[in-house]
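J.: What follows is a structure written as structure tokens; I'll ask about it next.
The values are calculated or read from the model by the stated rules, or taken from the named source; none is laboratory data. Note that this is a predicted model, so its numbers are computed, not measured. Cβ coordinates were reconstructed from backbone atoms using ideal geometry, including for glycine residues, and neighbour counts include every protein chain displayed. For the accessible areas, the whole protein counts, side chains as well, though only heavy atoms, and no ligand, DNA or RNA atoms are used. Shrake-Rupley method; radii C 1.70, N 1.55, O 1.52, S 1.80 Å.
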Amino acid sequence: MSSPSLIVVAGPSGSGKTTWISQFLRQPTTPTYYVCPGLGNASVDSAIINYRFPSVQVIPDTEAQTVLSRLS
Amino acid sequence: MELGFYLDLRSPLLTSFPCHRVAVVPPETESSPWQNFADETVTGNSVLSFESEQFPQIWNTSLTGQVFDPPSLETIWMEITSGAYGQVQRAKGLFELPDGALIQMDFVDALPGSEYRELNVPRWLEGRPNRFSGMEVVGWNLEESTIKQILLDSCLSDHALSQYQSYYKETIAS
Amino acid sequence: MKIAVISCIHGNYEALTAVLSDIEAQKADRVYCLGDLVGYGPYPNEVVELIRDLEIPTCQGCWDDDVVEGLDACECSYPSQIAEKRGKLAHEWTNRVIKSEVREYLANLPMILKEGNLCFVHGSPNSQHEYLLPDKPRLLH
């Protein structure tokens, strides 16, 4: 894991994406943002990351596109 | 950034910026759109890939402010995950309990049982919780309105909630 | 002697006929039914009529008592809030569709069936509404 500024995690439903992200966020060099686009404001995953990793800033779905377009 | 299975990996939005792409795929997956997309492949849970099947639907709902009767929650979780209201491939939920705890419940069709975890957040014992809780179900032919109805049927009334909360506050105080 | 014991049929006619054919295939000498013929399932009248026609000895279950005496006749507790909601809906429906002769049959069911040194009851020897759970082993002594 070099130092990519953005890590995108994909995979089939139930394969363990959120689990992998949770393990990653436990490492000391944690990134500070999390976004899970496409689920609106009722995203359970975003809420879980928010509760379990208070230092990680969860980007609301409505702002995802703006934030991502700034990266490109 | 977490990409749900419902997003098109070829979307310009997802390919237009520099990033490190990780695919989490079931063991022994030889080729998949996720691996084609990724720089790094991680072996995850042994779930069935549904490439050849009909694309599943995804349904989610906020339950913020609702507090569950625990045995009812256990009953309906078992009913939902065992397919009483449509075939479920994945279910996850954040549920408030009357003792003020917030729990996370996870079900993956290909894995045995469900996982439960109490989240490390303050116990909410003053009225209806003002923090997110909700549920997400991925599957086929989901009876969404019935699922919503049984969720609400399992939630406590104002009266029952205040009785539970005063009981738990007394228990904690003594 | 081979005895078959059935119970809690709850208006499920298909399940009852399936179990009765299995009992026949297994050549049981006697069949006893521990009640709860009605409630939840869609065929309360048909289930009672079949049990009555076959003259299967039956004792009264808590649901059978409820359609005779009314839901508030006992201090019944439900295992969960949703079970209570569903139970009340099922009771109202059953109460509405049940025939008067079926209600009368249920009202006249005995609390206890005895056969030699055997005793058959729905809940406990004290009441058809009482749960005898594993953590109450001394209730019978």
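J.: Within the stretch A:12-20, can one find any residue that is more than 7 Å from chain B (Cβ to nearest Cβ), charged (D, E, K, R) and free of Cβ contacts under 8 Å to residues at least 60 places away in the same chain?
T.: Scanning the stretch A:12-20, I find no residue that is more than 7 Å from chain B (Cβ to nearest Cβ), charged (D, E, K, R) and free of Cβ contacts under 8 Å to residues at least 60 places away in the same chain, so the answer is no.
J.: Right, something else. Would you mention how many residues in the stretch B:117-174 are under 30 Å from B:VAL88 (Cα atoms) and assigned to a loop (DSSP other than H, G, I, E, B)?
T.: 15
Table: residues versus (1) under 26 Å from A:ARG52 (Cα atoms); (2) of a type in the set (Gly, Ala, Ser); (3) surrounded by fewer than 19 Cβ atoms within 10 Å (Cβ to Cβ); (4) free of Cβ contacts under 8 Å to residues at least 12 places away in the same chain.
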position: B:ARG131; (1), (2), (3), (4): yes, no, yes, no
position: B:MET135; (1), (2), (3), (4): yes, no, no, no
position: B:LEU142; (1), (2), (3), (4): no, no, no, no
position: B:THR146; (1), (2), (3), (4): no, no, yes, no
position: B:LEU151; (1), (2), (3), (4): yes, no, no, no
position: B:CYS155; (1), (2), (3), (4): yes, no, no, no
position: B:TYR168; (1), (2), (3), (4): yes, no, yes, no
position: B:ALA173; (1), (2), (3), (4): no, yes, yes, yes
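J.: Can we say B:ALA91 is small (Gly, Ala, Ser), at pLDDT 95 or above and either touching a helix residue (DSSP H, G or I) at 6+ places or on another chain (Cβ under 7 Å) or surrounded by 18 or more Cβ atoms within 10 Å (Cβ to Cβ) (or both)?
T.: For B:ALA91, the condition - small (Gly, Ala, Ser), at pLDDT 95 or above and either touching a helix residue (DSSP H, G or I) at 6+ places or on another chain (Cβ under 7 Å) or surrounded by 18 or more Cβ atoms within 10 Å (Cβ to Cβ) (or both) - is met.
J.: Here is a further query. Counting only residues that are open to solvent by 50 Å² or more (accessible area, probe 1.4 Å) and under 30 Å from B:SER157 (Cα atoms), give me the helices (runs of 4 or more DSSP H) lying completely in the stretch C:2-109 with at least 2 of them.
T.: C:81-97
J.: Considering only residues of the stretch B:56-85 that are polar (S, T, N, Q) and within 12 Å of chain C (Cβ to nearest Cβ), which is farthest from B:ASP153 (Cα to Cα)?
T.: So the residue we want is B:THR75.
J.: Let me ask something else about it. I'd like to know if the stretch B:108-126 contains one or more residues that are touching a residue at least 40 places away in the same chain (Cβ under 8 Å) and crowded, with 20+ Cβ neighbours inside 10 Å.
T.: yes
J.: So which residues in the stretch A:51-72 are open to solvent by 80 Å² or more (accessible area, probe 1.4 Å) and in a helix (DSSP H, G or I)?
T.: A:THR62, A:GLU63, A:GLN65, A:ARG70
J.: Which ones in the stretch B:108-147 are of a type outside the set (Val, Ile, Thr), more than 11 Å from chain A (Cβ to nearest Cβ), touching a Phe, Trp or Tyr at 6+ places or on another chain (Cβ under 7 Å) and under 24 Å from A:ASN41 (Cβ atoms)?
T.: Once the filter is applied, which keeps residues that are of a type outside the set (Val, Ile, Thr), more than 11 Å from chain A (Cβ to nearest Cβ), touching a Phe, Trp or Tyr at 6+ places or on another chain (Cβ under 7 Å) and under 24 Å from A:ASN41 (Cβ atoms), the stretch B:108-147 yields B:LEU142, B:GLU143, B:GLU144.
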